[in-house]
Structures are given as C-alpha cells and as structure tokens.
Amino acid sequence: MAIDSIFEERVKKLDLLRSEQVDPYPIISKRSLLIESFLGSFSSLARKKQTVYLAGRVRSIRDQGKILFVSCQDSTGKVQCILKKDILSDFTRIKKTLDMGDIIQVSGTALISNTGEKSLLVKKYILLSKSLRPLPSDFYGLEDVETRLRKRYLDTLLNTNEYTLFIKKAIFWKSMRDFLETAGFMAVETPVFEVTPGGAEAEPFVTHHNALDEDFYLRISLEIALKKMIVGGFEKIYEIGRIFRNEGIDAEHLQDYTQLEFYWAYADYRELMKFVKKMYQSVIKKTFGTLVLPFGNKKINWGGAWKTVDYCVVFKKYNKLDVLSCSDDDLKNRAKELGISFEKGIGRGRLIDLIYKKTVRPLLIQPTFLINPPVTIEPLAKRSQKDPRVVERFQVMAYGTELGKGFSELNDPIDQRKRFEEQMKLREKGDKEAQMLDEEFLEALEYGMPPTAGFGTSERLFAVLAQRPIRETIFSPPMKKKD
C-alpha cells in the first residue's frame with residue numbers, strides 16, 4: 001500500500017477514536033517502570049502479582065483473533081504485551097485502531113507466555129500518541145545516507161547501533177566534564193557573537209544583530225574570550241560550546257560543531273601534555289570500555305606509551321627540507337612535486353601546513369605528541385626559549401589526523417601584535433582564513449596575562465574514535481534543502 005493511502009487510513013482511525021471520545025494525544029501518561037527494569041525484576045513482580053505501568057512504541061502486532069501480541073519498545077528494551085478480548089472491554093476498538101508506531105501505555109501483571117516469553121498481561125490500555133506515518137522497514141526502509149541524516153529520528157528509532165552512538169557521545173562529553181572538574185577546572189560560557197573572530201584560522205559566518213544594528217561574526221573558536229577570563233583572574237576554566245566555521249564538508253569537518261577548550265594559568269605545555277594524556281585515557285576508557293580501538297586492520301593503543309615527535313625533524317625526514325631555513329621557493333617547489341595546488345599569494349605558514357598534511361600527518365597512526373612547529377604556523381603560541389623560531393605547541397595525533405592541540409599561550413602583547421600584523425598582511429593578499437588583528441584582546445594582554453597553558457579538541461575526536469564520518473555523529477547535521 002502506498003504511503004499516502006496508509007496515511008489516509010490512519011487518519012480515518014484517528015477520526016474514529018475521536019468520534020468515540022477517545023483522545024489520541026492525551027496530556028497525562030503514567031509509567032512505573034522502564035521495560036529493562038520490568039524484565040530485570042520479572043520473577044519478583046510475577047510472584048507478587050504486582051500491577052505495573054509500562055509505556056512505549058508499538059514495534060509489531062500479531063493478531064490471534066481474540067488475542068493481540070504486541071511488542072512494545074522504550075529506550076531500554078522491548079517486551080511482549082498480551083491483550084485479551086475477555087479482559088479488555090475496549091478490545092474491539094483497540095484491534096481496529098492500533099498500528100505499528102503508535103505509542104501506548106499499558107498496565108497489568110507479569111506473565112510467562114505459552115512459548116516461555118516474559119510478557120505483560122494487559123489489564124488496561126491507553127493510546128498516548130497515534131502514529132499517522134508507517135515506520136520504514138527495519139532492514140530495507142532507510143538505507144540511503146542522505147535520508148538517514150535528514151530523518152535521524154527514524155534512524156535512531158530503527159537502528160540500535162545509531163541509538164547507542166549518541167549514548168556514547170553523551171558519555172564522551174560527560175567524561176570530559178567530570179575529568180576537568182575533578183581537576184579543579186570551572187565551567188564557563190562565553191559569547192557566540194564576536195566583533196573580531198579569532199583563536200583559529202578559519203573563515204567566519206557573519207550575522208546581523210537587529211537590536212544593535214550591527215554585524216557580528218559567529219565565533220570560530222573559544223580561545224580569545226577564555227584567555228580574557230584568565231586575564232580577569234580565573235585560573236582554571238573550560239568551556240564546551242558550539243563554534244562555526246564557514247569551510248568545506250568532509251569526513252572530519254563541519255560548519256558548526258562542539259568544541260572543548262580549557263585554560264590553565266601558571267602551567268606550560270609540558271605539564272599540559274601529561275594532563276591531556278591522562279584525560280584522553282580516562283575519557284576513552286569510560287566511553288568505549290577499552291583503550292585499544294580498531295582502525296582498519298590495525299589497533300590503536302591509547303594506553304601504551306605515546307611518542308613525542310619534533311615537527312621540524314619529521315618534516316625534514318619526509319621532505320628533505322629544513323623548514324626553519326629553506327626558502328619560500330623551496331617550499332613551493334616541494335608543494336608542486338606533491339601535486340598540491342595553492343594560491344599565488346599564499347603565506348609561508350599555510351604552505352608548510354599543506355605540505356605537512358600531505359607527507360607527515362597520514363603517517364602518525366598511533367597516539368603521538370607532535371611538538372614545536374615553526375612560529376609562522378601558530379600565531380597564538382609562545383616561542384620556545386631554546387629556539388625562538390619555533391613555538392611551544394603540541395598536537396595530539398593518531399589515525400593519521402589531528403585530535404587536539406595545546407600550547408603555552410603567548411602572553412607578550414608586543415609579540416602578539418606583530419604576529420597579528422603578519423596575519424593581516426596575508427588577509428590583504430586574499431587569505432580569508434588568516435587571523436584578524438584584535439585590539440580588544442591586545443588591550444587585555446597589555447594588562448598582563450599569567451603564563452598559561454591552553455588546549456582544545458572537538459567532537460572530531462569522538463567521530464574518529466567511533467570510526468564514523470563526523471556528520472554521522474551529529475543528530476541533525478546541516479544539509480542542503482530538498483527541492
């Protein structure tokens with residue numbers, strides 16, 4: 001039967017219910033147990049003949065004439081409900097109007113069926129929500145990825161793996177919060193609207209604020225606002241919030257996603273690396289139940305020793321170039337050898353990054369700290385005391401991608417201004433992702449910011465650990481309108 005015909009049939013049932021003064025969408029419902037708890041305490045409930053109230057969605061109906069066997073599902077499991085004509089005075093109406101997908105409330109007692117199945121013998125039935133559209137087949141009705149993402153509520157309803165994915169994601173973020181708060185970090189919130197976007201190299205979204213009659217940028221990072229709070233005397237803070245970047249979509253990138261950033265006054269990137277390793281191990285263990293996770297035919301061991309690799313050393317190994325002393329032309333020639341396309345006015349830092357992503361990043365499979373990149377690619381990190389040409393930054397690398405970044409924060413306002421000015425020159429040459437000069441942030445630094453370590457990671461980490469494209473880990477990712 002066509003979906004339109006099914007819809008019309010169900011609307012007729014809806015009208016029938018209303019004509020008999022049955023509210024198909026009542027306000028009040030009652031549930032004394034979740035299905036998992038009902039099944040778990042089944043023996044005791046059966047022995048006491050205790051009346052229980054269950055509620056959930058109808059997943060199957062088996063009509064045996066004077067008996068209906070109805071499978072009812074809630075967020076914890078399924079149970080068979082037995083509806084008998086000689087018990088229910090409204091049995092005939094239930095039989096005429098009940099459909100798969102309806103949400104019902106049933107009360108009764110625990111009973112082992114003739115086939116030995118734990119069941120509920122229904123003494124009372126109430127319809128809570130009439131379903132007008134048929135659920136797709138569990139196996140054949142929701143295979144197209146685009147449809148699954150547009151109608152994610154059906155995807156999670158029908159697919160246990162998808163449902164479990166979002167439970168794991170909730171555990172992932174809760175574990176982050178718990179770890180940080182146990183370590184004395186305080187949760188804070190900072191504005192989404194910014195006059196000057198900063199903290200990352202990304203093209204921002206622009207929006208208009210009607211009441212103020214001003215254009216604002218949606219934040220591309222949490223960094224600048226949080227570092228102002230460090231200036232304001234807060235010493236251990238974190239935020240888990242939404243950020244927005246007007247860039248491309250791929251397996252690891254979306255335009256709006258959740259980011260964690262935390263800042264730790266009087267710490268540096270060496271202390272931070274030890275802390276981050278412990279945090280990742282704690283979060284991964286709590287989320288996935290193990291520290292050894294699959295990656296194709298390999299195993300990623302988060303519990304073992306993490307390598308520490310110097311950026312400039314590994315860059316030279318795979319590109320035969322000293323990234324600190326080679327010329328811009330040397331870098332451009334290497335990029336051409338690798339088939340990397342780049343714009344005419346590309347900055348040195350962006351060029352180094354493109355070559356690194358092509359030659360080095362894919363090789364970092366096991367958990368690794370990649371440290372001390374050139375200052376040209378990180379405008380917000382502190383220079384190394386040993387070599388001012390590099391910065392005290394690390395990236396958490398695994399699976400051939402970046403899964404977090406931290407550094408000793410630059411707190412010298414003079415050096416920060418110079419680096420912003422270099423970024424502005426790149427913007428003038430057409431680099432939309434180069435950072436803007438932020439006078440308000442520079443003024444805050446001029447009041448003095450203590451030595452601080454900062455770190456950020458995003459839900460990309462969860463997506464990679466779960467081995468899923470990032471948009472499949474978002475309940476309703478941004479998508480093009482359907483015609």
Original post:
Lys/Arg Cβ at +1, Asp/Glu Cβ at -1, dipole of the chain taken about the Cα centre: which of Val323, Gln64, Gln467 is farthest positive-ward?
Top reply: Gln64
**OP:** Quick one: which residues, 5+ away or cross-chain, put their amide H under 5 Å from the amide H of Ser60? H built at 1.01 Å from N.
**Re:** Ser71
Original post:
Roughly how big is segment 3-135's charge dipole about its Cα centre, with Cβ charges of +1 (Lys, Arg) and -1 (Asp, Glu), in debye to the nearest 20?
Top reply: 460 debye
Original post:
Could you give the distance between the Cα centres of segment 237-277 and segment 1-32, to the whole Å?
Top reply: 47 Å
Original post:
For segment 51-127 and segment 157-173, what is the separation of their C-alpha centers, rounded to whole Å?
Top reply: 27 Å
Original post:
Among 410-422, 260-272, 9-21, what's the highest-first ranking by average C-beta atoms within 10 angstrom per residue?
Top reply: 260-272, 410-422, 9-21
Original post:
Among 232-239, 384-391, what's the highest-first ranking by average C-beta atoms within 10 angstrom per residue?
Top reply: 232-239, 384-391
Original post:
Quick one: if you stick a label point 7 Å off each Cα along the C-beta vector at Lys307 and Ser137, how many nm between them?
Top reply: 4.8 nm
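Mind checking segment 62-160 for chymotrypsin sites (Phe, Trp or Tyr not before Pro) that DSSP puts in a loop (not H, G, I, E or B) and that have at most 10 other Cβ atoms within 10 Å? Display every interim value, and only then the final one.
Numbers: sites: Phe69, Phe91, Tyr125, Phe139, Tyr140, Tyr153; in loops: Phe139, Tyr140.
Listed in order of number, the matching sites are Phe139, Tyr140.
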Original post:
So what's the back-of-envelope 222 nm ellipticity for the chain, counting only DSSP H runs of four-plus at -39500 (n - 2.57) apiece and dividing by all residues, rounded to 500?
Top reply: -10500 deg cm²/dmol
Subject >> Per residue, the convex hull volume that the Cα atoms of segment 90-216 enclose (Å³) >> reply: 292 Å³
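Find the Cα radius of gyration of segment 1-59, compare it with 2.2 N^0.38 Å by division, and give the number to two decimals. Can you show the working numbers first?
Values: Rg = 17.1 Å, N = 59, 2.2 N^0.38 = 10.4 Å.
So segment 1-59 has a normalised radius of gyration of 1.65.
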**OP:** Mind checking which of Tyr266, Gly400, Val11 is farthest towards the positive end of the chain's charge dipole, using Cβ charges of +1 (Lys, Arg) and -1 (Asp, Glu) about the Cα centre?
**Re:** Val11
Original post:
Each label point is 7 Å from the Cα along the Cα-to-Cβ direction; what then is the distance between the points at Arg31 and Val206, in nm?
Top reply: 4.8 nm
**OP:** Take the Cα atoms of segment 3-135, find their three principal axes, and give me the spread along each one in whole Å, biggest first.
**Re:** 44, 29, 26
**OP:** Give the peptides 82-88, 194-200 in descending order of average Cβ contacts within 10 Å, highest first.
**Re:** 194-200, 82-88
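Two-decimal Rg/Rh of segment 274-395 from alpha-carbon positions, Kirkwood Rh? If you can, show how the numbers build up before the last one.
On the way: Rg = 16.7 Å, Rh = 16.1 Å.
That ratio equals 1.03.
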Subject >> Euclidean distance of C-alpha centroids, segment 331-379 and segment 421-483, integer Å >> reply: 18 Å
Original post:
P(r) for the chain: what percent of alpha-carbon pairs falls in each 10 Å bin, starting at zero?
Top reply: 4, 16, 22, 20, 14, 11, 9, 4, 0
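What is the magnitude of the charge dipole of the chain about its Cα centre, with +1 placed on the Cβ of each Lys and Arg, -1 on the Cβ of each Asp and Glu, and no other charges, expressed in debye to the nearest 20? Kindly include the intermediate steps, with their values, before the conclusion.
Numbers: 78 positive and 67 negative charges, 566 e Å.
With Lys and Arg at +1 and Asp and Glu at -1, about 2720 debye.
All other residues with a Cβ under 14 Å from the Cβ of Arg31 taken together, and with Lys, Arg as +1 and Asp, Glu as -1, what is their net charge? Each step should come with its number before you reach the end.
Details: positive: Lys30, Arg57, Lys124; negative: Glu36, Asp74.
The answer is +1.
Computed from the coordinates by the stated procedures, all read-outs in this text should not be read as laboratory data. Just so you know, these numbers come straight off a predicted model, no measurement behind them. Note that each Cβ is placed from the backbone with ideal geometry, even for glycine, and that neighbours are counted across all protein chains shown.
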